[in-house]
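Okay, structure first, notes after.
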Amino acid sequence: MFQVSTSLIRFWEKEFPVLRPRKNKKGNRLFTERDVRYLHMIYHLVKNKGYTLQGAREALKSDFDQIEEKVVLLGTLNKMRNFLIDLDQQLAEKQKNQ
């Protein structure tokens, strides 16, 4: 989903106390929808915005609602962009075949 290594997700789990996935009997992590929302926000802050881990922790504490809103909006815009790219490719293919 995030195209990062599982070890990075485990590292973030240790660094961000808000991430608390449950584990099944085999030890596999079971992430809730809440955990995934936090992962999206952490990814956005650390990978896209260049925050340090400490800076990301502080931002999540102070501006959680605003960050979540931005991440949701970015996700929606990315989906729309991908849809439009796909639509453009389909139209170009149709024009080739005519």
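Okay, residues lined up against (1) outside any helix (DSSP H, G or I); (2) at pLDDT below 90; (3) within 20 Å of residue 8 (Cα to Cα):
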| site | (1), (2), (3) |
| --- | --- |
| 50 | yes, no, yes |
| 58 | no, no, yes |
| 71 | no, yes, yes |
| 74 | no, yes, no |
| 84 | no, no, no |
| 88 | no, no, no |
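Quick check: anything in segment 16-26 at positive phi and outside any helix (DSSP H, G or I)? Checked against the condition, which is being at positive phi and outside any helix (DSSP H, G or I), segment 16-26 yields no hits at all. Checking each residue in segment 57-90 for being farther than 17 Å from residue 40 by Cβ and of a type in the set (Phe, Trp, Tyr) picks out only 83. The set of residues in segment 46-74 that are buried (at least 18 other Cβ atoms within 10 Å of the Cβ) and within 18 Å of residue 6 (Cα to Cα) contains only 46. For residue 35, the conditions (1) in a helix (DSSP H, G or I); (2) of a type outside the set (A, V, I, L, M, F, W, C); (3) out of contact with any strand residue (DSSP E or B) (no Cβ under 9 Å at 6 or more places or on another chain); (4) modelled with pLDDT of 90 or more are fulfilled apart from (3).
The values are calculated or read from the model by the stated rules, or taken from the named source; none is laboratory data. Computed from a prediction, not measured in an experiment: that's the story for all the values here. So basically every Cβ, Gly included, is an ideal-geometry build from the backbone, and we count neighbours across all protein chains shown.
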